[in-house]
Amino acid sequence: YHAAAFPLVLGHRRADGTYQTPVNAIVANLTPPSGDRPGLLTHGPRGEIETLFHEFGHILHMSLTRAEFARFSGAETEWDFVEAPSQIMEHWVWQPSVLAGFARHWQTGETIPAELVENMIGGRYLNVGLRGARQVSFGAVDLAIHGSSEAIDMDRALRDTFAVMGLPYPEGTFSLASFGHLMGGYDAGYYGYLWSLAFAADMYTRFQREGVLNPKTGREYRDAI
């Protein structure tokens with residue numbers, strides 16, 4: 001599945017002094033209903049719930065902007081930071097108090113059991129090193145392709161940067177053919193996913209100390225970001 005957040009109208013100060021209300025949308029193909037079973041969203045790292053919260057972070061960033069100029073409106077920020085307001089939101093889907101507010105059995109209405117949440121949290125960082133290396137390889141191949149004015153051997157660049165994962169290269173494939181971010185605005189900036197992840201984790205420490213649902217902390221975060 002795929003999900004993304006799109007700005008439809010950028011918030012900015014109009015020439016007459018009024019403020020243009022931003023309009024944004026999440027576009028996603030989530031699990032559909034089947035028979036009498038509703039569309040149930042998956043949890044887990046890169047699951048549908050985490051992805052939805054991630055994209056909603058972009059929506060908050062774009063919708064709550066008070067920037068005077070469209071150039072700086074919401075996610076129209078430097079690419080090193082653009083993923084931080086989305087990645088910070090991923091932390092909330094691993095909080096028992098947050099899950100208890102919406103995660104219920106679709107038939108009985110029972111709130112998600114605390115033991116299940118504990119087990120889910122226990123597996124949150126399974127293979128996190130491999131996922132991190134994968135992101136490094138993505139950023140590295142992006143820089144390799146965009147970092148020279150000379151003709152690039154795309155297959156060689158892909159193979160060389162894939163090596164950081166320490167896994168055998170999948171022969172007969174060419175993943176760059178479906179790597180839309182490389183030509184869609186992130187050009188030479190995809191490394192920002194890992195860079196801004198550090199920003200997001202650092203900002204989240206305030207919520208860890210003061211409460212993940214602390215309205216005062218949330219207000220300060222909204223005002224600052």
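Annotations for the structure displayed:
- Extreme residue, nearest to residue 87 (Cα to Cα), among residues of segment 211-225 that are in a loop (DSSP other than H, G, I, E, B) and open to solvent by less than 60 Å² (accessible area, probe 1.4 Å): 212
- Some residue of segment 201-210 being at pLDDT below 95, open to solvent by less than 60 Å² (accessible area, probe 1.4 Å) and under 20 Å from the mean Cα position of the chain (by Cα): no
- Of all residues in segment 82-101, those that are outside any helix (DSSP H, G or I) have Cβ atoms under 8 Å from Cβ atoms of residues that are crowded, with 19+ Cβ neighbours inside 10 Å, 6 or more apart or on another chain, in 82/75; 82/192; 82/196; 83/192; 83/193; 83/196; 83/200.
- Members of segment 91-104 found to be open to solvent by 80 Å² or more (accessible area, probe 1.4 Å) and either hydrophobic (A, V, I, L, M, F, W, C) or over 20 Å from residue 51 (Cα atoms) (or both), listed by number: 102
- Hits in segment 1-35 - residues which are part of a loop (DSSP other than H, G, I, E, B) and in contact (Cβ under 8 Å) with a residue 60 or more places away in the chain: 10, 11
- Pair list, Cβ < 7 Å and 6+ apart or interchain, from segment 208-224 residues that are in contact (Cβ under 8 Å) with a residue 60 or more places away in the chain to residues that are assigned to a loop (DSSP other than H, G, I, E, B) and not acidic (Asp, Glu): 212/95; 222/64
- Hey, residue 108 exposed (fewer than 11 other Cβ atoms within 10 Å of the Cβ), of a type in the set (Val, Ile, Thr) and either part of a helix (DSSP H, G or I) or more than 20 Å from the chain's Cα centre (by Cα) (or both) or not: yes
- Just one of the listed residues (75, 25) is among the small types (Gly, Ala, Ser) and farther than 18 Å from residue 196 by Cβ, and it is 25.
- Hey, residue 68 part of a loop (DSSP other than H, G, I, E, B), modelled with pLDDT of 95 or more, open to solvent by 40 Å² or more (accessible area, probe 1.4 Å) and within 26 Å of residue 218 (Cβ to Cβ) or not: yes
- Condition check for residue 60: within 19 Å of residue 224 (Cα to Cα), open to solvent by 50 Å² or more (accessible area, probe 1.4 Å) and not in a loop (DSSP other than H, G, I, E, B): yes
- Hits in segment 3-30 (condition: surrounded by 14 or more Cβ atoms within 10 Å (Cβ to Cβ) and closer than 17 Å to residue 72 by Cβ): 7, 10, 11, 12, 13, 22, 24
- Any hit, segment 181-194, residues being farther than 16 Å from residue 85 by Cα, open to solvent by less than 40 Å² (accessible area, probe 1.4 Å), in a helix (DSSP H, G or I) and modelled with pLDDT under 95: yes
Here is a yes/no grid of residues against (1) in a helix (DSSP H, G or I); (2) open to solvent by 70 Å² or more (accessible area, probe 1.4 Å):
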| site | (1), (2) |
| --- | --- |
| 116 | yes, yes |
| 124 | no, no |
| 129 | yes, no |
| 134 | yes, yes |
| 144 | yes, no |
| 161 | yes, no |
| 167 | no, yes |
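The values are calculated or read from the model by the stated rules, or taken from the named source; none is laboratory data. Keep in mind that what you see is a predicted model, and the values were worked out from it rather than measured. Note that each Cβ is placed from the backbone with ideal geometry, even for glycine, and that neighbours are counted across all protein chains shown. Accessible surface is based on the protein model in full, side chains and every heavy atom, while ligands, DNA and RNA are left aside. Shrake-Rupley method; radii C 1.70, N 1.55, O 1.52, S 1.80 Å.
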